[in-house]
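This report refers to the structure that appears directly beneath it.
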Amino acid sequence: MHDEHGNRTTRTANKKTGKGADMKTCWLFLCVFLFFLPLAPVYAQEETAPVTDTGNAWILSSSPAPNEEVIGKKPEIRVFFTSPPAPGSMTVLLDGTDITPMITLVENGFTYKPVFIVAPGTHELSVLATDTAGNALQGALSFKTRHTKTLEEASVSADMTGIYTTTLRKDAHDGTTPYNAVTVEGTVQGKIREGANEFSFEGSPVYVEQDKPLGTGSVEKGLDLRSFVLRGEHKGDQLQAKAEFGDVSVNETPFTVQSLLRRGLKINMGYGNGALSFFTVRAPAIYGVRNTWGLRYEEDSQITGGSAGLSLPGIRTDIKATFLTGEDDSTLTYGISGIETGRRTGDVASLQVTSQIIPAMLIADFEAAYSQYDFDDADAFDEVSDTAWRVDLSGAVNEYTYDLKYEYFGRDYESIALQGGTKDREGIYFTGNAMFTNHSLSILASAFRDNVDDLSIMPRTTSIPISLDYNYTRFAQVPMGFSVQHEIIKTKDEPTGFDPVDTMTDSLTGKIGYVREKWSTGLQATYTYMNDKTGADLDTSSGNYTFTLTLTPVENWTISLVPNLVQQKNEDTDVRTDTYTTTLDLRSQPVKDLIFWDLMASYVVADATDDSIDTETTTVNTRLAYSLKQFFPPYLNPTIALKGDYQKTKDKIADTETDNLTIFLAFELNAKFGL
Amino acid sequence: MQNSDCEVNSMHSKKTLLFLCILITAFFSIASTSYGASTTPATVNAAYGQSTTVALHYTFPVVVGAGATITSPYGQFCLTGTLAACDSIGRVNMPLTTTTSLASEVLTIPQAVVERALQRGFNSFTYERNFLNGGFYSLKINITPGSVAAFSLRRIELYFDHMQRKNEVMVQRNHRGLKAYADIYYNGSGMLNGYWEVDGLIIERVNRFVLTGGKVTLSTPAVPDLPTFDPGYHIVKFIVVAPETSFEVPEMVYWVKGTDEPARRALVLTTPQDGTDIPADSPFTWEKMEKAAVYLISFAKAEDKTICFSALTRDTAYRIPASILAEYFTAGKKFLWSVKGYDTENNIIAESGMHSFSFREAAQP
């Protein structure tokens, strides 16, 4: 809460009560419901059956028979005629695709073995021809397929790779590289479907073992399931429902939650013009199941919420209400880390209305949100509430697209599912794009301010960034373009003792390339100057120059060379720091499909004009492999490889140098199977 | 009288001697004690509503004799007063020790400290350290909106997939185009300096000016893309060099399988030429691709690119049957065509772009 001066009040209430839900029971119920549905009778494909449809009088028999349901993923099709058509006059279509070049002519007919898996369901076979007298012949028949007797569609596949690595050479002082290591990794996925109901799963099992401890990080020794998703779906005419458990992605609105990939449960339902969603996921990102599957509701680190939506097609408008609540006490988790260390808690509610005023040309999107957020549940301060809202007009007219937006974020607005997001800001934004035959142009112009509550104890900052990006594509072999950025940041109403801020930053980028069949090259240069207009005059400048060269001299050989120079200068002290980085990437097959040689190397030099930095670093990773595939069945793919890692670091200021070379021998085996 | 004069002279001499002794003692005392440390920066803006990180560098002008140590057991945030009279609103229990004239720390100004200051009606406070043998240091901290706070990072999120934001993937060997992304949330604006690292190998340096938007998204380059030639797991990080961060850099993992991703080559369409008007019985031909077991030729309407007709063939040529032309095509109207090549395992190994054509209208009698 805030007092009349805008300051937070101290805590008087205790922690919020937690909630609990038996997620496991809900998921099990949904799967049982999807599985135990009545099944239609099926028939196995047997001999060709006579065709009694009077419109197909010249087709004697066929397999499948008209309206027959056959079992199989690639059922063979056989058709026989009462009399053969004129040679070369026949055209055969399967579901609108001409398969005539793929059929095998037999006496008085043809057979066809599908190239691709035939999707379960109804199919149409059409045959067009002329008889020897020149009369048109036409026939069509429908049939159904399903993958198995029990299930309309069923498939399972696995792709596993096992790698055994032994170290042939390593430096004596390297105490972390193992002498022997085993890694097994792969993906397993499957799907079953019957009518409108479908169940699928995907998982990535791994196994890692070695004779030295693994470094601290996200990979641990032993067997694990790195990520998984179980999915049940019902696609009825009126009712659609989907339930997912595992690593799910949650998306609601820009002010509540977007692209949140976490372990948990998500359910979506749609009936007519209405839609409901529910989710409960762990707040931190977790991978693997050894520490937790994510089944249990964790009171200190869970985000739960849902939405209700209504579509009004008559006025081309969608309305959506969203609510979520959560707690997060994580700091460093898989792929994410941040500065906040307390237990964050919060609720968010939002209402969004989207309307296609003129379809595709003028789309209006409005959202208003309310949040309550506490950045540290354990401290003396209570949660604070605030609001945010936006109005967005966008559309496309011929070659032009535009987006005009007004946004307001309250001083304390924050969503527990969008931590670190924008707050205390109000402004307008305009982006425009134009795509012509030989030109493309993008413009971004915005103006925003902070201190939206006009507190006299803090200054107000106005920021005006403008950018322009242009590309000329008249010559496909010579793509080129440039971009310009200009930003003004200025404070006003500074309280006593506060140094004003007045900076203007300009950035200019140019790029050009040349593309040929066997090689391509490109150059990109960026220069940025920040002009500090205050008395401090702390100007800085920087340059970034990158050259790219890619060669494909022969098939199966690709070489890329990318030198890059980054320069940063303090205009006040006149000290410049230069960093040169050159990266080399080689992918090759000295003997096609038999010997593989790949290499990636980098050379980095950092140098400062005041001699505070002078270092060189060289790193090389390479692999030379021989495929043993020819000696094994096609579903096995074994390889033997020699791998090397080299790193050299030289610090000329500290006068130190380190050198590490490690060589490995690896046996790799890949196996794939599928049903 | 003479005795009195002597006594006076003696007194003067004693006073002078005493003064000189004091002076000499003071001189050596000063010579053996540091003056107050100077710091960079001297003032910093801390963001309201979030924590701020700033790198502080202390310079001590004079150091006590060889082997002496300059140390500070803790720092504290003060609303008013200094040292023992400090009205403390927070403390940093991290000792600093040096035997040189330099010392540094990465200071996190917690959001709670800022809140305490504001609650008491202050829009600024100080951070103080007292160094044994080093003197007293004080940093002035102003509370400001995030856009003009000291340039500092608040949060880093890594992911591979721009749409689903997956932070772990498994790809086939030699998969091309794998990119890593980093969403970096920050206060203020300034030069972001860092590099992308894969298994200890630097693949790109980043040095760019970030505007006052609060968030920037970086990605690994297209050339070279993330290395996928070595089966096994690989660790990706974005290492931040400047501004200095107080939190550990996150990492994420990608796994490379032992099967090679089928290389997709560009398939060249031969006839008809792009954009030509052709007779109804004109053949469509393309380049033969090694290992292609079957080709799928597709025809689409130019206005919306929806597929209207397709055919399978093992040859590198196809002619649309006369019985199909009337049903699926209209003379004079523009259509697009393209070809895909599949190997024996039904993997796409070659793909063409889209070329346009139109059928000539029949000549009027």
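The values are calculated or read from the model by the stated rules, or taken from the named source; none is laboratory data. Since the structure is predicted, the reported quantities are computational estimates derived from the model, not experimental observations. Neighbour counts run over all protein chains shown; Cβ positions are idealised from the backbone, glycine included. We work out accessible area using only protein heavy atoms, side chains counted, and drop any ligands, DNA or RNA first. Shrake-Rupley method; radii C 1.70, N 1.55, O 1.52, S 1.80 Å.
Scanning the stretch A:539-557 for residues that are crowded, with 18+ Cβ neighbours inside 10 Å and of a type in the set (V, I, T) returns A:T540, A:T546, A:T548, A:T550. Screening A:I488 with (1) within 12 Å of chain B (Cβ to nearest Cβ); (2) under 32 Å from the mean Cα position of the chain (by Cα); (3) open to solvent by less than 70 Å² (accessible area, probe 1.4 Å) gives one miss only, at (2).
Residues to consider are A:L661, A:L665, A:L636; find the one that is away from every other protein chain (no Cβ under 13 Å) and open to solvent by less than 50 Å² (accessible area, probe 1.4 Å).
Sole residue among the options that is away from every other protein chain (no Cβ under 13 Å) and open to solvent by less than 50 Å² (accessible area, probe 1.4 Å): A:L665.
Only one of the numbered conditions (1) touching a residue at least 40 places away in the same chain (Cβ under 8 Å); (2) hydroxyl-bearing (S, T, Y); (3) within 30 Å of A:D493 (Cβ to Cβ) is violated by B:Y159, and that is (3).
Within the stretch A:361-388, the set of residues being open to solvent by 40 Å² or more (accessible area, probe 1.4 Å) and in a strand (DSSP E or B) comprises A:L362, A:I363, A:F366, A:Y370, A:Q372, A:S385, A:T387.
Scan the stretch A:590-611 for residues that are within 14 Å of A:I653 (Cα to Cα) and open to solvent by less than 70 Å² (accessible area, probe 1.4 Å) and jot them down. Within the stretch A:590-611, A:V605, A:A606, A:D607, A:A608 meet the criteria. Scanning the stretch A:366-386 for residues that are under 19 Å from A:G420 (Cβ atoms) and away from every other protein chain (no Cβ under 14 Å) yields A:A369, A:Q372. Enumerate the strands (runs of 3 or more DSSP E) found wholly within the stretch A:272-346, keeping only those where 1 or more residues are without any contact (Cβ under 8 Å) to a residue 24 or more places away in the chain. Answer list for the stretch A:272-346: A:274-282, A:336-338.
If I ask for residues that are part of a loop (DSSP other than H, G, I, E, B) and either closer than 30 Å to B:L153 by Cβ or at pLDDT 80 or above (or both), which ones from the stretch B:50-80 would you list? Give the steps one after another, and end with the answer.
Just the residues of the stretch B:50-80 that are part of a loop (DSSP other than H, G, I, E, B), to begin with: B:50-51, B:60-69, B:73-74, B:79-80.
Scanning the stretch B:50-80 gives B:Q50, B:S51, B:F60, B:T69, B:P73, B:Y74, B:L79, B:T80.
Out of the residues in the stretch B:93-107 that are part of a strand (DSSP E or B), under 14 Å from B:F131 (Cβ atoms) and of a type in the set (V, I, T), which is least open to solvent (accessible area, probe 1.4 Å)? If you could, list the steps in order and put the result at the bottom.
Narrowing the stretch B:93-107 to residues part of a strand (DSSP E or B): B:96-98, B:102-107.
Next, from what is left, pick out any that are under 14 Å from B:F131 (Cβ atoms): B:96-98, B:102-105.
Still in the list and also of a type in the set (V, I, T): B:97-98.
Working: B:T97: 94, B:T98: 17 Å².
The residue in question is B:T98.
Within the stretch A:561-576, restricting attention to residues that are in contact (Cβ under 8 Å) with a residue 24 or more places away in the chain and surrounded by 20 or more Cβ atoms within 10 Å (Cβ to Cβ), the residue that is nearest to B:T220 (Cα to Cα) is A:V566. Checking each residue of the stretch A:417-436 against the condition of being in contact with a Ser or Thr (Cβ under 8 Å, 6 or more places away or on another chain), open to solvent by 40 Å² or more (accessible area, probe 1.4 Å) and without any contact (Cβ under 8 Å) to a residue 24 or more places away in the chain gives no match. Take the residues in the stretch A:237-286 that are within 14 Å of chain B (Cβ to nearest Cβ) and open to solvent by less than 10 Å² (accessible area, probe 1.4 Å); name whichever of them is nearest to A:G420 (Cα to Cα). Among those residues, the one meeting the criterion is A:V257. Determine, yes or no, whether A:P84 is open to solvent by 20 Å² or more (accessible area, probe 1.4 Å) and either touching a residue at least 12 places away in the same chain (Cβ under 8 Å) or farther than 30 Å from A:G195 by Cα (or both). Against the criterion (open to solvent by 20 Å² or more (accessible area, probe 1.4 Å) and either touching a residue at least 12 places away in the same chain (Cβ under 8 Å) or farther than 30 Å from A:G195 by Cα (or both)), A:P84 qualifies.
Looking only at the stretch B:191-211, residues that are open to solvent by 10 Å² or more (accessible area, probe 1.4 Å) and under 24 Å from A:P459 (Cβ atoms) come to 3 in all.
Quick check on this structure: which one of A:T148, A:T122 is in contact with a Lys or Arg (Cβ under 8 Å, 6 or more places away or on another chain) and under 22 Å from A:N67 (Cβ atoms)?
Result of the check over A:T148, A:T122: A:T122.
Between A:S394, A:S330, A:S350, the distinction of being under 27 Å from the mean Cα position of the chain (by Cα), at pLDDT below 95 and not charged (D, E, K, R) belongs to A:S330 only. Filtered by the rule that a residue be part of a loop (DSSP other than H, G, I, E, B) and either surrounded by 14 or more Cβ atoms within 10 Å (Cβ to Cβ) or within 47 Å of the chain's Cα centre (by Cα) (or both), the stretch B:325-357 gives B:F329, B:D343, B:T344, B:E345, B:N346, B:N347, B:S352, B:G353, B:M354.
Please work out which residue is most open to solvent (accessible area, probe 1.4 Å), limiting yourself to the stretch A:140-165 and to residues that are within 14 Å of chain B (Cβ to nearest Cβ) and among the hydroxyl-bearing types (S, T, Y). Working first, answer last.
Filtering the stretch A:140-165 for residues within 14 Å of chain B (Cβ to nearest Cβ) gives A:140, A:155, A:157-165.
If we keep only those that are among the hydroxyl-bearing types (S, T, Y) as well, we get A:155, A:157, A:161, A:164-165.
Values: A:S155: 48, A:S157: 41, A:T161: 1, A:Y164: 87, A:T165: 23 Å².
Result: A:Y164.
Of all the listed residues (A:D493, A:D454), the sole one being free of Cβ contacts under 8 Å to residues at least 12 places away in the same chain, within 30 Å of A:A388 (Cβ to Cβ) and out of contact with any Gly (no Cβ under 7 Å at 6 or more places or on another chain) is A:D454. Taking each residue of the stretch A:584-602 that is in contact (Cβ under 8 Å) with a residue 12 or more places away in the chain and looking for partners that are among the hydroxyl-bearing types (S, T, Y) with beta-carbon atoms closer than 6 Å, six or more apart or interchain, yields A:D585/A:S560; A:R587/A:T558; A:L594/A:S627; A:I595/A:Y626; A:W597/A:S588; A:L599/A:T622; A:S602/A:T583; A:S602/A:T619. Among the residues of this structure, A:R587 counts as one that is more than 25 Å from A:G175 (Cβ to Cβ), open to solvent by less than 50 Å² (accessible area, probe 1.4 Å) and within 13 Å of chain B (Cβ to nearest Cβ).
Restricting attention to the stretch A:115-139, the residues being closer than 20 Å to B:S323 by Cβ, open to solvent by 40 Å² or more (accessible area, probe 1.4 Å) and either of a type in the set (A, V, I, L, M, F, W, C) or in a strand (DSSP E or B) (or both) number 5. Reported count of residues in the stretch A:218-236, each being more than 14 Å from chain B (Cβ to nearest Cβ), more than 20 Å from the chain's Cα centre (by Cα) and not small (G, A, S), is 4.
Go through the residues of the stretch A:613-634 one by one and say whether even a single one is under 22 Å from A:G543 (Cα atoms), at pLDDT below 90 and not in a strand (DSSP E or B). Yes.
Restricted to the stretch A:87-102, and to residues that are in contact with a helix residue (DSSP H, G or I) (Cβ under 7 Å, 6 or more places away or on another chain) and more than 8 Å from every other protein chain (Cβ to nearest Cβ), which residue is most open to solvent (accessible area, probe 1.4 Å)? Residue satisfying both the conditions and the ranking: A:M90. The lone criterion from (1) more than 7 Å from chain A (Cβ to nearest Cβ); (2) open to solvent by 10 Å² or more (accessible area, probe 1.4 Å); (3) more than 30 Å from A:F667 (Cα to Cα) left unmet by B:K237 is number (3). Every listed requirement among (1) open to solvent by less than 60 Å² (accessible area, probe 1.4 Å); (2) in a strand (DSSP E or B) is met by B:A292 save one, (2).
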